[in-house]
Amino acid sequence: MNATQPDATYRVIIDTDPGQDDAFALLLALASPRIHILGVTTVSGNVPARQTADNARRIVELAGHGHIAVFAGAERPMLREARPVVEIHGETGIDGWDWPLAQRPPEPRHAIEWLVETLLREPAGSVSLIALAPQTNLALALRLEPAITSRIARIVFMGGGYFEGGNMTPAAEYNILVDPEAAAIVLASGIDITAVPIDCTHTAPAPVDWSQELDALGTEVGRACAGMMRFFEIHGNKKFGTKSRPLHDAIAVGALLWPELFEGRRCPVDVERSGHLTTGMTVVDWLRQTGLPDNCLWLRRCLDPAELYRRMLAELARLPPVA
Ligand code: BDR
Ligand code: CA
């Protein structure tokens with residue numbers, strides 16, 4: 001039923017807007033021997049596009065993978081204004097750790113140009129896209145060169161919410177709300193899509209005091225993760241009345257790596273783009289009442305959150321110890 005298989009290996013491109021939970025997602029992907037990252041693209045989202053590119057570069061360098069190139073992408077959504085959320089992620093987007101400056105200069109090529117060129121070079125059905133941000137880059141790349149569709153094995157995206165409603169408005173989750181037109185293009189692309197919405201991520205809060213376990217890794221990456229976790233929980237716990245927060249984007253990487261830990265259903269999904277109260281809502285035809293074709297595997301829950309975070313911790317432990 002799931003688009004991914006236990007123990008499979010993946011060649012991936014990660015599109016992201018770090019964001020503490022994006023940072024965890026990147027680190028998890030960098031740590032996993034089952035993921036080969038072709039490159040990282042960044043986009044306007046949690047903080048502006050130049051900052052998300054700089055953040056991604058700091059993260060890959062801290063993990064000891066500075067050879068992986070980071071390409072800055074769209075500076076604003078397709079039709080709307082950017083919606084940075086410094087109240088959630090802090091001024092830098094990855095507050096909670098005193099990050100060293102990135103050593104490698106920014107890549108000169110635009111993310112969308114790089115995405116198209118790279119995908120056209122790859123064999124058909126060989127690349128998985130992990131989308132952790134507003135989907136502006138992906139939608140623009142699909143519009144610029146539709147032939148890339150055949151190269152993409154699957155898209156796993158973090159975004160949306162149906163049973164849980166939204167986390168930015170009563171109806172809309174952040175990544176979809178920021179660029180609903182882009183999400184609609186991606187969902188209509190015909191590509192094999194797995195959605196990891198807040199319906200799923202909210203069933204997988206991190207263990208309370210997970211930051212202590214991260215600290216106990218005894219590595220620079222562990223300490224950075226612990227600091228980010230503590231920061232990420234301040235705003236989130238207050239807003240949602242919780243004791244710990246789900247690392248949304250890292251859960252999406254977990255869904256690619258360990259599909260057996262998740263449950264969902266293939267069904268038709270579309271995005272509301274004009275509703276007065278519901279713009280950015282993902283409308284999920286869970287009961288297949290529309291007769292439209294299924295375009296998405298919608299993950300509804302994590303079956304074993306404790307095991308998910310145990311595996312994440314074990315992966316993060318692989319990243320380089322203090323020199
Ligand atoms: C999503 O919104 C962003 O703030 C997070 O990084 C994540 O991608 C969660 O709704
Ligand atoms: Ca994100």
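The numbers here are math on the coordinates, done by the rules we state, and not lab data. Since the model is a prediction, treat every value here as computed from it, not as a measurement. Cβ: placed from backbone, ideal geometry, glycine included. Neighbour counts: every protein chain shown.
A few remarks follow.
- Put simply, the amide H of Ala172, placed in the peptide plane, has neighbours under 5 Å in Gly166, Asn167, leaving out anything fewer than 5 places away on its chain.
- The packing ranking of peptides 102-109, 190-197, 34-41, 165-172, highest mean first, is 190-197, 34-41, 165-172, 102-109, where packing means the average number of other beta carbon atoms within 10 angstrom of each residue.
- Vicinal HN-Hα couplings computed from phi for region 56-73 (Karplus, 6.51 cos²θ - 1.76 cosθ + 1.60; Hz; Gly/Pro x): 4, 5, 4, 5, 5, 6, 4, 6, x, 10, x, 6, 7, 7, 10, 10, 7, x
- Where N is the number of residues in region 144-266, Cα Rg divided by 2.2 N^0.38 Å: 1.20
- The distance linking region 178-214 with region 66-138 is 16 Å (Cα centroid to Cα centroid, whole angstrom).
- 3J(HN,Hα) from dihedral phi, region 28-41, Karplus parametrisation 6.51/-1.76/1.60, rounded to Hz, x for glycine, proline: 4, 5, 5, 6, 6, x, 8, 10, 10, 8, 6, x, 10, 10
- The antiparallel fraction among DSSP beta bridges confined to the chain stands at about 25%.
- Sequence-separation-based contact order of the chain, relative, with Cα cut under 8 Å and 6+ spacing, percent: 21 percent
- With a cut-off of 15 Å between beta carbons, the residues surrounding Tyr162 carry a summed charge of -3, where Lys and Arg count +1 and Asp and Glu -1.
- Computed over the alpha-carbon atoms, the chain gives an Rg to Rh ratio of 0.93, Rh here being the Kirkwood radius from the mean inverse distance.
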